[in-house]
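Below: one structure, written as structure tokens.
A short reminder: the numbers here are calculations on the coordinates, not readings from a lab. Worth saying up front: this structure is predicted, and the values here are computed from it rather than measured. All Cβ positions, even for glycine, are placed from backbone atoms using ideal geometry, and neighbour counts span all protein chains on display.
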Amino acid sequence: MFVQIVKDCDSAMANLQGVTWTDGTERGKLTRTAAAALKGKALLLWASPQFNPIDNSAHPYDASRWQAAFDACKAAYDIAIADGKSLMPSYESIFRTEGAANTEAIIVRSYSPSVAKRGHNVESRSRPLSAGGSPADNYYASVNLVNAYTMKDGTPITAAGSGYDPILFWKDRDPRFEATIAYNGSIWNLGSTTNRRQWTYNNAIGETGSRGVYCKKFTTPELANAAVPYSNDFGGSGMDWIELRLAEVMLNYADAANEIGNMGVAKEMVKRIRLRAGIIAGTNDYGLNLVTSVEQMRDLILNERQVEFAFEGKRTEDLRRTRRYHLLSGNLTSPIVMLSGTNDAQRNALKAQLERVVDPVTGTMYRDQLNLNNKDTLQKYFIYGVVQPGGTGGFNVLPEYYFYSLSNFFLYSSPLLEQTIGWDGGNFDPLR
């Protein structure tokens, strides 16, 4: 299978040499850079533990696959740079810039709010009710994601001396945290409103439910609230979806480089991404000096991918590829914010005080004047905790989940098809 994928990518690279597409009707067509990136990604998967396990006696570990992955990922990066690709200057701009102006996008699916059946409802599913949205749980950050962001100098929040405060959990974090996650009292300009503060505490006026946090990443600040819904095949932001971008090519390159012992290249790729994110050098070179082994760098890269590609649909693929999927077993939890009173009367009084309008002209409420970076002020009004989102329960990721089963529809269609090992009646070995 992988041999054929590589052949197809090589053929596409050869045939797309020198081919360019015009923005507009041809936007989204694959390029030489896209083919090279897909080849590198495929060989990275082929070298990774899912297809190249270290402890499987029936299928000896093949270290040479990592060299092949490194060569392909390096070539993909070099081709991308030669073809004019570069990281966008700011993390916030990645999903807010379309067409040729987006120098980072490599594989794109184009959408439009004004062409029938060419839109989507991501804007609505991300935004809060107060800004015209209908927030969905798949854009609700888990505690694991919130904790994955380092401090502003690249130091993990669990490291000694990091300065992390679990009460002021947003303070001095990796700037991608602020660009991705809207927390209680944070600035989130939507509907062309400047200095708009988002409130997430339980039963906040104008909101729905108690979400704790929202996803900022895919929202268009200047889009009017009335234009947010996607209905009757029109509307929404029409934001293009970026399936693959240069940052992923760089982290694929870093991953393969680390596995063949070239930690210098691995760290350099991560450093460039952290520089773009706005992380500062600090005393540990963007946090990279804390890493001294292949194993530590492997963990750092996987964490970097979780943060860089938050809500972009990459996490499950990364956990399966690295055979860490089963580590998710347990319960899904997400942040929650409650009023700090100990009984309903106290909480109602706090709510009334927070939502008292102090400027009838602008509609500014008392809460909008609070300094929530002051811990005493914060704790006077709010309690922060975690909650298990509705409709979810405990779960357990089993070994057979690393490879999908075939549905009975396909098995019944041909006697030559075999079910995957690990599933009922399975004889097909995906590693052979």
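Which entries of Lys29/Lys271; Lys39/Lys117; Lys152/Lys216; Lys74/Lys267; Lys7/Lys117; Lys74/Lys171 show an alpha-carbon separation above 26 angstrom in the structure shown? Before the final figure, lay out each step's value.
On the way: Lys29/Lys271 30 Å; Lys39/Lys117 31 Å; Lys152/Lys216 19 Å; Lys74/Lys267 14 Å; Lys7/Lys117 35 Å; Lys74/Lys171 36 Å.
In this structure, Lys29/Lys271; Lys39/Lys117; Lys7/Lys117; Lys74/Lys171 exceed 26 Å between Cα atoms.
Loop only by DSSP, 13 or fewer other Cβ within 10 Å of the Cβ. Give me the GluC sites (Glu not before Pro) in segment 209-248 that pass, ordered by residue number.
For GluC sites (Glu not before Pro) across segment 209-248 that sit outside H, G, I, E and B with at most 13 neighbouring Cβ atoms in 10 Å, the list reads Glu222.
Which distance in Å, rounded to a whole number, links the C-alpha centroids of segment 215-247 and segment 71-129?
What the calculation gives is 12 Å, centre to centre.
What dipole magnitude, in Debye to the nearest 20, does segment 1-49 give about its Cα centre under +1 on Lys/Arg Cβ and -1 on Asp/Glu Cβ?
With Lys and Arg at +1 and Asp and Glu at -1, about 80 debye.
Taking the Cα centre of segment 108-157 as origin and charging only Cβ (+1 Lys, Arg; -1 Asp, Glu), how large is the dipole, in debye to the nearest 20?
My answer is approximately 280 debye.
How much net charge surrounds Pro89 when only the other residues with a Cβ under 13 Å from the Cβ of Pro89 are counted, with Lys and Arg +1 and Asp and Glu -1?
+1
Mind checking the dipole of the chain: about its Cα centre, +1 per Lys or Arg Cβ, -1 per Asp or Glu Cβ, Debye to the nearest 20?
It works out to roughly 640 debye.
What is the sum of charges, Lys and Arg at +1 and Asp and Glu at -1, for the other residues whose Cβ falls under 10 Å from the Cβ of Asp137?
Value of the local net charge: +2.
Report, in deg cm²/dmol and to the nearest 500, the calculated mean residue ellipticity at 222 nm for the chain, where each DSSP H run with n ≥ 4 adds -39500 (n - 2.57) and the sum is divided by the residue count.
Details: 13 runs with 139 residues, N = 432.
After summing the helix terms and dividing by residue count, I get -9500 deg cm²/dmol.
I want the local charge near Arg197. Using Cβ-Cβ distances under 14 Å, sum +1 for each Lys or Arg and -1 for each Asp or Glu among the other residues. Walk me through the numbers on the way to the answer.
Working: positive: Arg196, Lys216, Arg367; negative: Glu178, Glu207, Glu355, Asp359, Asp368.
Net charge around Arg197: -2.
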